[in-house]
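These notes are about the structure you will find just below.
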Amino acid sequence: MNAVQIQSARKMKRAQTILFFVVLLGLIIWSSIGAEFSFGALFSGIGESFRFIFFDFLPPDFSSLSQLIEPALQTLYMSVVAMVIGSVIAGMLSFLAAATTSPHPYLQIGVRAATSLFRNIPVLIWTILLVAAFGLGAVVGTMSLILISIGMLTRSFAEVLEEIDMGQVEAVRAAGGSYFQVLSQAVVPQFLPGFIGWSLYNFEINVRASTIVGMVGGGGLGFILQSKLKLFQYQEASMAVLLVLVIVLIVEMITNRVRERII
């Protein structure tokens with residue numbers, strides 16, 4: 001490449017960079033107009049936000065803690081049930097969704113498509129739909145978390161199965177092992193650490209998501225939080241938020257320790 005070509009390439013790259021930033025700036029301005037975003041409105045509301053948080057919302061009302069214990073336990077129950085049922089169903093589906101273990105390519109595509117539907121519809125939408133169909137309550141919240149868990153874990157488990165050492169699989173096949181013998185002797189032992197790790201991670205996600213689920217009628221702490229906000233009982237709502245934070249941090253600490261010991 002001669003000097004003229006090098007200079008031309010540099011000019012082309014510079015022009016592409018300028019064009020990229022011009023398009024990016026245009027998208028930002030267009031999106032800001034569409035969203036009616038304004039820095040003036042943002043900064044003008046800082047004082048009111050400060051007053052609300054530090055004078056209305058805080059400090060938490062610790063006297064309301066006794067009322068929150070049962071909803072907090074309900075939140076944990078929902079998360080555990082969703083994790084257990086979701087991981088078991090997803091574990092079975094993942095063997096059909098992974099290229100290394102699926103008996104037929106069409107079955108693999110079908111399972112991936114179905115579980116993708118569960119995963120890509122937000123948990124909030126699932127909860128609203130289920131509340132409309134079944135009414136308010138923790139059962140609806142648990143069902144929403146199960147659907148999301150199945151969608152997320154099937155994909156994650158399938159990826160774990162597609163990364164296993166195929167040498168062990170081929171060795172069992174060469175010894176005349178059947179499909180189920182291959183799974184039990186070569187696949188499952190390699191799959192279990194990933195199964196446990198992703199299931200625990202899903203439990204963490206469920207604990208966080210259960211609060212959002214509860215705020216639209218799915219039970220647990222989220223439902224209490226929404227009720228307190230509607231009744232303008234902000235300091236009791238603040239206590240609920242603090243309890244959610246404590247639960248999330250404790251669950252994260254425990255699951256991290258378990259993963260370190262098992263995996």
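Readers should treat all values here as calculations from the given coordinates under stated rules, not as data from a laboratory. What you are looking at is a predicted structure, and each value in this text was computed from that prediction instead of being measured.
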(message) Taking θ = phi - 60°, what integer Hz values does the Karplus form 6.51 cos²θ - 1.76 cosθ + 1.60 yield along segment 141-149, in sequence order, with x for Gly and Pro?
(response) x, 5, 4, 4, 5, 5, 4, 5, 4
(request) Could you run the Karplus curve 6.51 cos²θ - 1.76 cosθ + 1.60 with θ = phi - 60° over segment 215-222 and give me ³J(HN,Hα) per residue in whole Hz, x for Gly and Pro? (result) 5, 10, x, x, x, x, 5, x
(message) Which one, Gly219, Gly137, Gly86, has the greatest fluctuation when you compute a Gaussian network model over the chain with C-alpha springs under 10 angstrom?
(response) Gly137
(message) Under the rule a/c < 1.5 gives rounded, and otherwise a/b versus b/c splits prolate from oblate, where does the chain land using the Cα gyration tensor?
(response) oblate
